[in-house]
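Each value in this text was obtained by applying a stated rule to the coordinates, not by laboratory testing. This is a predicted model, so every value here is computed, not measured. With ideal geometry, Cβ positions are generated from the backbone for all residues, glycine too; neighbour counts draw on all protein chains shown.
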Amino acid sequence: MPDADDAWLIGEFKATGKLDFLAALYQRYMNLVYGVCLKYFDEEASKDAVMQIFEELITKLQQHEVQNFKSWLHVLTRNHCLMKLRAMKNKESRQVSIDEDHPVVENGEIGHHENGVSLEDNLQSMEKCMETLPEEQKRSVDLFYLQEKSYREVSVITGYEMNKVKSYIQNGKRNLKICMEQQDD
């Protein structure tokens, strides 16, 4: 199986459900997944995330038509990490302080980038900016990035032509970036 291409391994996994095919495929990209996880977590949490993502793949690959596994896996990994950080942040904010001088949770690291902007702030900013996009862009960006649909799937779901979908996604992504940068100022 080391010589088999990604598409063949995906096809065999979908056809048979045998984890050997998925494991052989995932093995190729495990360092990539681990590297992405290290951007968000420490080593131990990153190792855990690598295993959780493999488990996620078992169901996600059955649900999605994947054209380029490497980039799809990268997006899946990043989304997994962001959702985990968001869950940690929400859990943190629900914790109550027993004594105002000694909060139960004292971890300013989680969910913050180098510049001090929290992940939660970025997510809220993105959600606000999504609302400013034209409907076609908003729908296409949501399906492609947040629901991890392929261009073809977005086209089928929305009824938009394939080249329109690509344009809506590209323009939507650019407009989101511009909007979010303006909110930071």
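Mind ranking 73-81, 123-131 by how tightly packed they are, going by the mean number of other C-beta atoms within 10 angstrom, highest first?
73-81, 123-131
Over the Cα atoms, compute the radius of gyration (one decimal) and Dmax (the largest Cα-Cα distance, rounded to a whole number) for the stretch 123-185, in Å.
11.6, 38
Measure out, as a whole number of angstrom, how far apart the alpha-carbon centroids of the stretch 59-92 and the stretch 9-56 sit.
When both Cα centres are located, 11 Å separates them.
List the pairs from LYS18/LYS149; LYS60/LYS166; LYS14/LYS138; LYS128/LYS149 whose alpha-carbon separation is above 28 Å, in the order I gave them.
With Cα atoms farther than 28 Å apart: LYS14/LYS138.
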